[in-house]
Amino acid sequence: MADVMTRVPGTSPRGPAPSGWSLSARQLRFWLTNYRRTWRGSIYSSVLNPVLFLGSIGLGLGTLVNQHGAAQLGGVSYLAFLAPGLLAAAAMETAVGESTYPVYGSVKWNKVYQAAVASPLRPVDIFHGHVLFVTLRLAMNCSIFLAVAAAFGAVRSAWMIAAVPVAVLTGLAFATPIEAWAVTRTRDTSFTMIFRFFMIPLFLFSGTFFPITQLPAWLRPVAYLTPLWHGVSLCRALNLGTADLGQVVIDVGYLAVVAAAGLLAGNRCYRRRLYV
Amino acid sequence: MSAVPPLIRARGLVKRFGSFTAVDGIDFDLQRGEAFGFLGPNGAGKSSTMRMIGCVSPPSAGELSILGLDPVRDGREIRARLGVVPQDDTLDVELTVRENLLIYGRYFGLPRDVIRERTARLLEFVQLSDRADDQVDPLSGGMKRRLTIARSLINEPDILLLDEPTTGLDPQARHAVWDRLFRLKQQGVTLVLTTHYMDEAEQLCDRLVVMDAGKIAAGGTPRELIERYSTPEVLELRFDPADHQQAAEKLASVPAQRLEVLADRVLLYVEDGDSALLAARALGVEPLASLVRRGTLEDVFLRLTGRQLGE
């Protein structure tokens, strides 16, 4: 029987504590290893989702819309109007999906977080490692979306490339606060509520499918408050070439503030949940 | 005592959850190379103590120093040098045995080749080499436990923390785990374990403390505790429930250090069990069953708390 220790116990080398970045990267590597099991399935939906939506609504419904309402859309095809909005909305969907059950399950089901917190990783590193992973997933899905939109002929401006980081930021404005909340849950029933009463209404009424000027006047301010509307309108302005600096500052600023607030909340919620 | 500073030192350590006090001012020292146990029933505060030592639960009051460091300020450095076997398995059941060790080794920032080399050695140690590339999910409870032990050793820890290491395992699997832990002890690994099994504590611990309701009731080596709080032999007698009380009254005149009347048995604490049994029979006591055994930590616990460990 071989010794399990290569050195005398109690003589472990002592170095400075690793930085937060290095510790977060260790948790990110866990998620990447984990993702190797499921990436194929997720790629199918990353491609299929934009193909189905752009095909059915962008092209199918768009044919009807183009016969009547092109003026309301700023004189562009419905497909070119829809694609950038859908890019932001798809980012939201990815973000909500990645920040609900995976976070909850890591505490309640496979206890990945409890395992990690016994290592040098702190709750804050565990949180940031997952946020980094979600950021990569968003970048991946948004890039695939852009490629599909280009294949459909929905891209009107080279600025549409800049819509990818904007959509990623839109996703993060959802991911960080929802992760902060999801880690505190003790039952998983609230997640279906999030999907039904939060994500789907936002998806439908944040200007993704029609300009929010079509909404009743009293409802419009609600849309302005949602991160999704800022993401949708900036992505759209980039594709249609109508973005100006003021809008970029306001929309990016708003999304960044929401994402940062979620990050602060998550730092606290993860610590309270994992350090009891 | 020893001039070497202890690996863990606790003074007046307290853990509160709201108005509930789980750990109520405990003192202990852990020396390098020893196997130290917290013995007590469920809810005694053992796991809360372990979580504080594991730097995942800030103490509510008192002093705690681990490897000479402060668990709140230096949690990262301390945890880098601990191995933890939690009460509930936290293995990733969808990954393979090998991947679990890989992931965990990375948490400690170990290079891939170091992890690979240690994985081979550790899986051999816990007798799971032939399952290295199998998923964890179908493994038996005992195998998962052994894998968790292997995982906890990936960073070659200075202290190994084991919270109820064999709870929920069948006797055979328990013995397999004990055997591995015993070998670790022989290799000089410092062990801290909690248990509510007195046989586990007796087999593995050089020194232990008996915990009850958040406090330390007594401490010492298993032998010292048994000598101090029990007798060399114990005579256990069982009766028909209807005769139980009457028999207990008769037994009061058998010369014994102490008499315990439990719900299902009467225990006589004596120097010599066989002669006590003869004395009982001479008084006309006819038990359904009798057993002479040596004193154990179970008896120590009963003496200290008035309750049985399993209760």
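The values are calculated or read from the model by the stated rules, or taken from the named source; none is laboratory data. Treat the numbers as computed from the prediction; the structure is a model and nothing was measured. Counting neighbours? That spans all protein chains shown, and the Cβs are built from the backbone with ideal geometry, glycine included.
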Segment B:145-187: number of residues that are of a type in the set (Val, Ile, Thr), more than 21 Å from B:Ser48 (Cα to Cα) and assigned to a loop (DSSP other than H, G, I, E, B): 1
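A quick yes/no check of all residues on (1) assigned by TED's automatic domain parsing to the domain that holds B:Lys144; (2) closer than 30 Å to B:Thr221 by Cβ; (3) modelled with pLDDT of 95 or more; (4) among the small types (Gly, Ala, Ser):
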{"residue": "B:Ala3", "(1), (2), (3), (4)": "no, yes, no, yes"}
{"residue": "B:Lys15", "(1), (2), (3), (4)": "yes, yes, yes, no"}
{"residue": "B:Phe38", "(1), (2), (3), (4)": "yes, yes, yes, no"}
{"residue": "B:Pro41", "(1), (2), (3), (4)": "yes, yes, no, no"}
{"residue": "B:Cys55", "(1), (2), (3), (4)": "yes, yes, yes, no"}
{"residue": "B:Ala80", "(1), (2), (3), (4)": "yes, no, yes, yes"}
When residues of segment B:159-173 are limited to those that are over 8 Å from B:Thr195 (Cβ atoms) and in contact with a Lys or Arg (Cβ under 8 Å, 6 or more places away or on another chain), the one surrounded by the most Cβ atoms within 10 Å (Cβ to Cβ): B:Ile159
Test: residue in segment B:234-248 that is among the hydrophobic types (A, V, I, L, M, F, W, C), touching a residue at least 12 places away in the same chain (Cβ under 8 Å) and loosely packed, with under 13 Cβ neighbours inside 10 Å: no
Scan of segment B:163-183 for residues that are among the acidic types (Asp, Glu) and in contact with a Pro (Cβ under 8 Å, 6 or more places away or on another chain), ordered by number: B:Asp163
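Give segment B:88-104 a look and list any residue that's among the hydroxyl-bearing types (Ser, Thr, Tyr) and either assigned to a helix (DSSP H, G or I) or within 20 Å of A:Ala25 (Cα to Cα) (or both), or say none.
Looking only at segment B:88-104, we keep the residues that are among the hydroxyl-bearing types (Ser, Thr, Tyr), and these are B:90, B:96, B:104.
The one that is among the hydroxyl-bearing types (Ser, Thr, Tyr) and either assigned to a helix (DSSP H, G or I) or within 20 Å of A:Ala25 (Cα to Cα) (or both): B:Tyr104.
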Positions within segment B:226-280 being assigned to a loop (DSSP other than H, G, I, E, B) and polar (S, T, N, Q), in sequence order: B:Ser230, B:Thr231, B:Ser253, B:Gln257
Cross-chain or 6+ apart pairs with Cβ under 6 Å, segment B:256-276 first and more than 19 Å from B:Val300 (Cβ to Cβ), then assigned to a loop (DSSP other than H, G, I, E, B) and at pLDDT below 90: B:Ala276/B:Val254
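Of these, A:Ile144, A:Ile161, which one is touching a Ser or Thr at 6+ places or on another chain (Cβ under 8 Å), away from chain B (no Cβ under 14 Å) and β-branched (Val, Ile, Thr)?
On the way: A:Ile161 fails: touching a Ser or Thr at 6+ places or on another chain (Cβ under 8 Å).
Unique residue meeting the criteria: A:Ile144.
Out of A:Arg187, A:Arg220, report the one residue that is in a helix (DSSP H, G or I) and without any contact (Cβ under 8 Å) to a residue 24 or more places away in the chain.
Values: A:Arg187 fails: in a helix (DSSP H, G or I).
None of the other options fit; the residue is A:Arg220.
Does B:Asp133 satisfy being surrounded by fewer than 20 Cβ atoms within 10 Å (Cβ to Cβ) and either within 12 Å of another protein chain (Cβ to nearest Cβ) or outside any loop (DSSP other than H, G, I, E, B) (or both)? Walk me through it before giving the result.
Values: surrounded by fewer than 20 Cβ atoms within 10 Å (Cβ to Cβ): yes; either within 12 Å of another protein chain (Cβ to nearest Cβ) or outside any loop (DSSP other than H, G, I, E, B) (or both): no.
Against the criterion (surrounded by fewer than 20 Cβ atoms within 10 Å (Cβ to Cβ) and either within 12 Å of another protein chain (Cβ to nearest Cβ) or outside any loop (DSSP other than H, G, I, E, B) (or both)), B:Asp133 does not qualify.
If you take the residues of segment B:188-225 that are among the charged types (D, E, K, R) and assigned to a strand (DSSP E or B), which of them is farthest from B:Thr21 (Cα to Cα)? Steps first, answer last, please.
Step one: list which residues in segment B:188-225 are among the charged types (D, E, K, R), which gives B:199-200, B:202, B:206-207, B:212, B:215, B:223-224.
Cutting the leftovers down to assigned to a strand (DSSP E or B) gives us B:207, B:212, B:215.
Numbers: B:Arg207: 25, B:Asp212: 12, B:Lys215: 10 Å.
My answer is B:Arg207.
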Residues satisfying the stated conditions in segment B:1-13, i.e. in contact (Cβ under 8 Å) with a residue 24 or more places away in the chain and surrounded by fewer than 19 Cβ atoms within 10 Å (Cβ to Cβ): B:Ser2, B:Val4, B:Pro5, B:Pro6, B:Arg9, B:Arg11, B:Gly12
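So, in segment A:101-130, how many residues would count as being outside any helix (DSSP H, G or I), out of contact with any strand residue (DSSP E or B) (no Cβ under 9 Å at 6 or more places or on another chain) and without any contact (Cβ under 8 Å) to a residue 40 or more places away in the chain?
Residues of segment A:101-130 that are outside any helix (DSSP H, G or I), as a first pass: A:109-111, A:118-122.
Narrowing further to those that are out of contact with any strand residue (DSSP E or B) (no Cβ under 9 Å at 6 or more places or on another chain): A:109-111, A:120-122.
Subset that is without any contact (Cβ under 8 Å) to a residue 40 or more places away in the chain: A:109-111.
Qualifying residue count for the region: 3.
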Cβ pairs under 6 Å, 6+ apart, first in segment A:53-64 and surrounded by 12 or more Cβ atoms within 10 Å (Cβ to Cβ), second in a helix (DSSP H, G or I): A:Phe53/A:Leu86; A:Gly58/A:Leu79; A:Gly58/A:Leu82; A:Gly62/A:Tyr78; A:Gly62/A:Leu79
Subset tally (residues that are within 14 Å of another protein chain (Cβ to nearest Cβ) and either in contact with a Ser or Thr (Cβ under 6 Å, 6 or more places away or on another chain) or surrounded by fewer than 20 Cβ atoms within 10 Å (Cβ to Cβ) (or both)) for segment B:181-212: 6
Condition check for A:Ser157: of a type in the set (S, T, N, Q) and in a helix (DSSP H, G or I): no
Candidate set from segment B:8-63 (those that are within 24 Å of B:Arg180 (Cβ to Cβ) and part of a helix (DSSP H, G or I)); member that is nearest to the other protein chains (Cβ to nearest Cβ): B:Arg51
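Okay, residues lined up against (1) polar (S, T, N, Q); (2) surrounded by 18 or more Cβ atoms within 10 Å (Cβ to Cβ); (3) within 14 Å of another protein chain (Cβ to nearest Cβ):
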{"site": "A:Ala70", "(1), (2), (3)": "no, no, no"}
{"site": "A:Ser77", "(1), (2), (3)": "yes, yes, no"}
{"site": "A:Glu93", "(1), (2), (3)": "no, yes, no"}
{"site": "A:Val96", "(1), (2), (3)": "no, yes, no"}
{"site": "A:Thr100", "(1), (2), (3)": "yes, yes, no"}
{"site": "A:Val107", "(1), (2), (3)": "no, yes, yes"}
{"site": "A:Val112", "(1), (2), (3)": "no, yes, yes"}
{"site": "A:Ala118", "(1), (2), (3)": "no, yes, yes"}
{"site": "A:Phe127", "(1), (2), (3)": "no, yes, no"}
Criterion violated by A:Leu86 - all others in (1) within 23 Å of the chain's Cα centre (by Cα); (2) modelled with pLDDT under 95; (3) more than 14 Å from chain B (Cβ to nearest Cβ) satisfied: (2)
Complete set of residues in segment B:89-103 that are surrounded by 23 or more Cβ atoms within 10 Å (Cβ to Cβ) and within 7 Å of chain A (Cβ to nearest Cβ): B:Ile103
Within segment A:131-148, considering residues that are over 12 Å from the mean Cα position of the chain (by Cα) and in contact (Cβ under 8 Å) with a residue 40 or more places away in the chain, the one farthest from A:Ser24 (Cα to Cα): A:Val148
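Do the conditions hold for B:Ala279, that is, is it out of contact with any helix residue (DSSP H, G or I) (no Cβ under 8 Å at 6 or more places or on another chain), among the hydrophobic types (A, V, I, L, M, F, W, C) and surrounded by 13 or more Cβ atoms within 10 Å (Cβ to Cβ)?
Values: out of contact with any helix residue (DSSP H, G or I) (no Cβ under 8 Å at 6 or more places or on another chain): yes; among the hydrophobic types (A, V, I, L, M, F, W, C): yes; surrounded by 13 or more Cβ atoms within 10 Å (Cβ to Cβ): yes.
Yes.
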Residue that is within 14 Å of another protein chain (Cβ to nearest Cβ) and buried (at least 19 other Cβ atoms within 10 Å of the Cβ), where the choices are B:Ile226, B:Ile154, B:Ile216: B:Ile154
Identity of the residue in segment B:67-82, in contact with a Leu (Cβ under 7 Å, 6 or more places away or on another chain) and in contact (Cβ under 8 Å) with a residue 12 or more places away in the chain, that ends up farthest from the other protein chains (Cβ to nearest Cβ): B:Pro71
